[in-house]
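The structure under discussion appears below in the form of structure tokens.
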Amino acid sequence: MDVIVMTEGDIPTGLAREHRYRELVGEALHAAHVDVDAFGGYHDPAVRAVREVWNG
């Protein structure tokens, strides 16, 4: 079975952008650790940051 993790990468009110980026990077790294088949999301700056980490 293929497992795909999708995330929006939006930044809730009151949360610093840097904090959310770090959360997304952590989510991507965790997804890699548990061996999911894909990690992705919508096109916004936070998700692009995660893709950069994911792709090395």
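The values are calculated or read from the model by the stated rules, or taken from the named source; none is laboratory data. In this text, all values refer to a predicted model and were calculated from it rather than measured experimentally. Don't worry about glycine lacking a Cβ; one is built from the backbone with ideal geometry, like all the others, and counts go over all protein chains shown. Side chains included, ligands, DNA and RNA excluded: accessible areas come from the protein's heavy atoms. Shrake-Rupley method; radii C 1.70, N 1.55, O 1.52, S 1.80 Å.
Things worth noting here:
- Taken over the range 9-22, the criterion of being part of a helix (DSSP H, G or I) and open to solvent by 70 Å² or more (accessible area, probe 1.4 Å) is satisfied by 17, 18, 19, 22.
- If you check 18, 27, 52 for being out of contact with any strand residue (DSSP E or B) (no Cβ under 8 Å at 6 or more places or on another chain) and modelled with pLDDT of 80 or more, only one passes: 18.
- Residue 6 passes every criterion in (1) modelled with pLDDT of 70 or more; (2) assigned to a helix (DSSP H, G or I) apart from (2).
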